[in-house]
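Bear in mind that the values in this text are calculations on the coordinates, not laboratory data. The shown structure was predicted, so the numbers you read here are calculated from the model rather than taken from an experiment. We place every Cβ from the backbone using ideal geometry, glycine too, and count neighbours over all the protein chains shown.
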Amino acid sequence: MHRSIIPSSHPRAKSLYIRELLVNGFRNGIVAPEGLIAHGRGETFDYLLGENTTETARTAIKAACSLLLLASHPVISVNGNLAALCPKEIVELSNLINADIEVNLFYWTRERELAIEKELKKRGAKTVRGIRSKDSARIPELQSERRTVDQDGIYKADSILVPLEDGDRTEALVKMHKKVIAIDLNPLSRTSKAAAVTIIDNAIRALPAMIVEAEQLKQKNDKVLKKIVDEFDNSKNLSESLEIIRCGVNARQR
Ligand code: PTJ
């Protein structure tokens with residue numbers, strides 16, 4: 001890690017540290033080379049959104065946590081970028097909402113799948129699903145490597161948290177009548193539009209914010225959680241994020 005050569009006084013220090021987490025993840029065999037490029041795309045949107053969790057994202061976080069707490073079988077889907085950015089928070093959130101953790105990769109390799117499993121177990125995960133075996137299931141109509149899922153994980157889940165997703169799988173999961181909760185910095189992506197709840201925020205901020213929110217919402221009864229979900233409008237929330245990008249966060253949230 002080159003953290004020592006990035007002065008903490010650097011105006012872009014936080015953003016440069018996040019890059020280092022990904023570069024480090026790449027060097028440790030967790031992040032795909034293409035993951036570094038995907039991060040660059042995300043960074044652009046993050047810059048335009050003000051590099052903070054907006055009130056609009058907080059509304060989505062509340063709905064997302066409510067949906068996950070109402071689920072009978074929630075799963076957190078983990079790819080290379082997420083595992084590099086916030087492995088500790090993945091485990092903490094999964095414990096809090098009683099969710100399975102499942103590795104699911106677009107650029108699948110056996111080595112990376114195992115490196116991610118190892119990283120999550122190092123951070124306290126007891127079980128990590130999605131490690132391919134002869135019992136793995138297939139998502140119908142999906143051609144990418146992401147179609148291979150755990151028979152007792154994503155395949156049977158009713159709600160799935162999918163940070164940094166490609167649109168194809170989100171659409172396929174929706175067709176399987178699953179509730180998809182996305183974390184994506186791009187409010188124009190197919191994933192953002194297809195998900196039931198989309199959190200337009202950087203996953204590195206969204207996961208810790210979800211932990212705080214879920215801790216509070218866990219005290220509420222199902223009726224209250226259901227009302228939060230019913231009142232959430234994903235299209236409206238996406239439009240608000242687009243307006244923040246267009247006009248700036250202060251113009252939108254004054
Ligand atoms: O680890 P693998 O093999 O599963 O590969 C993962 C990547 C990310 C390489 C793969 O899923 C991919 O190519 O993703 P895309 O299609 O480039 O989409 C990534 C989306 O996530 C884009 O809309 C980005 O704007 C967004 N994004 C990037 N970084 C972040 C992000 N959203 C939230 N938080 C981020 N840190």
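Once phi is turned into ³J(HN,Hα) by the Karplus curve 6.51 cos²θ - 1.76 cosθ + 1.60 with θ = phi - 60°, what whole-Hz value does each residue of the stretch 12-26 show in order, with x for glycine and proline?
10, 3, 4, 5, 5, 5, 4, 4, 5, 4, 6, 4, 4, x, 5
With labels modelled as points extended 7 Å from the Cα through the Cβ direction, what inter-label distance (nm, one decimal) is found for residue 145 paired with residue 28?
For residue 145 paired with residue 28, the spin-label model returns 1.9 nm.
Among the aspartates and glutamates, select those whose C-alpha is under 19 Å from the C-alpha of residue 218, and discard any that sit fewer than 8 residues away in the same chain.
Candidates past the 8-residue exclusion: 89, 92, 100, 158, 230, 231.
Dipole size in debye (nearest 20) for the chain around its Cα centre, Lys and Arg Cβ +1, Asp and Glu Cβ -1?
Here the chain has a charge dipole of around 280 debye.
All other residues with a Cβ under 14 Å from the Cβ of residue 171 taken together, and with Lys, Arg as +1 and Asp, Glu as -1, what is their net charge? Display every interim value, and only then the final one.
Details: positive: 146, 147, 169, 175, 178, 179, 190, 193; negative: 141, 165, 166, 168, 184.
Taking every Cβ under 14 Å from that of residue 171, the sum is +3.
Can you give the alpha-carbon Rg of the stretch 26-104 over 2.2 N^0.38 Å, where N counts its residues?
1.24
Counting other beta carbons within 10 Å of each residue's own, what order do 56, 148, 44, 191 fall into, fewest first?
Details: 56 25, 148 19, 44 11, 191 22.
With the sparsest Cβ surroundings first, the list reads 44, 148, 191, 56.
Run the quick spin-label model on residue 231 and residue 135: label points 7 Å from Cα toward the beta carbon, then report their separation in nm to one decimal.
4.3 nm
How much length is gained on full extension from residue 111 to residue 95, taking 0.36 nm per residue of separation minus their Cα-Cα distance?
3.2 nm
To check my understanding: the extent here is largest minus smallest coordinate of the Cα atoms along each principal axis. What are those three numbers for the stretch 92-139, in Å, largest first?
Sorted largest first, the three principal extents are 29, 22, 18 Å.
Quick query: amide H of residue 101 versus all other amide H atoms, modeled in the peptide plane; which residues come in under 5 Å with a sequence gap of 5 or more or a different chain?
So residue 101 has HN proximity to 76, 129.
Would you please give the FRET efficiency between residue 239 and residue 14, computed as 1/(1 + (r/R0)^6) with r the Cβ-Cβ distance and R0 = 22 Å, to the nearest 0.05?
Step by step, r from the Cβ atoms, then E = 0.20.
Out of the stretch 122-197, which GluC sites (Glu not before Pro) are coil in DSSP terms and have no more than 13 other C-beta atoms within 10 Å?
141
Treat each spin label as a single point 7 Å out from the Cα along the C-beta direction, and report the residue 126 to residue 190 distance in nm.
Distance between label points: 3.8 nm.
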